[in-house]
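Just so it is clear, none of the values below were taken in a lab; they were calculated from the coordinates. Keep in mind that this is a model prediction, so the values were computed, not measured. Because the Cβ atoms are built from the backbone with ideal geometry, glycine has one as well, and the counts that use them run over all protein chains shown.
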């Protein structure tokens, strides 16, 4: 039993304030959040960053950034270069590879995209929803020297461009444009998100016929007119259906009678 000085009430141990989820907020949670900030500070095309720039982008003191960077380096998520700057480490790439493998890319998605690219002569891509954005999970470049280049992993808006519009439509988004997309089973766009880029997309369903993402072909609008995109839509829908049956199972008892226009 602890002794308490006479006339002085015992001061209870400090309890961390709860977070929004009602769980105690701890320093370890803050540390994890700061580590994520550090990893996300690197933009596409930036091979390395200095300590000062990392500090500025994350809004953290240099000593804090250095401590976190060294901890991440111990687990190979960051690497310090010979000039003292920092780059992402091999563990970060391996994490991305494991994320991709969760969608069975090598065995199912990649071959479908290659076939679709050969069939249409354009670049083909597979998009998935990540929160309020969409991201290109995998892409096969078309044979033309002039083509649209999408960056895998980049967060893109859902409400601009046919891949995102399709994802919204087949997850039940309300509105005339989404009703029209569900009715025809695809969507095309020209210059909606990026000037000079034309795309047409269709939905892909996974286990239990839940929307998994969208298949898209893209190219310059100077080559892909609305008429050409409409004609290619049938090939895109066919490939999306084929992929859906592979991922969801063609013998499922609740297989939608018209796959491209069905949504939960």
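With a 10 Å Cβ neighbour count serving as the proxy for reagent exposure, in which order, fewest first, do 190, 109 appear?
190, 109
For a quick check: sort 187, 61 by the number of other beta carbons within 10 angstrom, fewest at the front.
Listed from fewest to most nearby Cβ atoms, that is 61, 187.
By count of other Cβ within 10 Å, fewest leading, how are 192, 122, 227 ordered? Can you show the working numbers first?
Working: 192 18, 122 30, 227 8.
Fewest to most other Cβ atoms nearby, the residues stand as 227, 192, 122.
Short version: what are the Cα gyration tensor semi-axes of the stretch 27-93, square root of 5 times each eigenvalue, largest first, in whole Å?
Here the semi-axes work out to 16, 14, 11 Å.
May I ask you to derive the relative contact order of the stretch 27-93, considering only C-alpha pairs under 8 Å and at least 6 residues apart, and to give it as an integer percent?
29 percent
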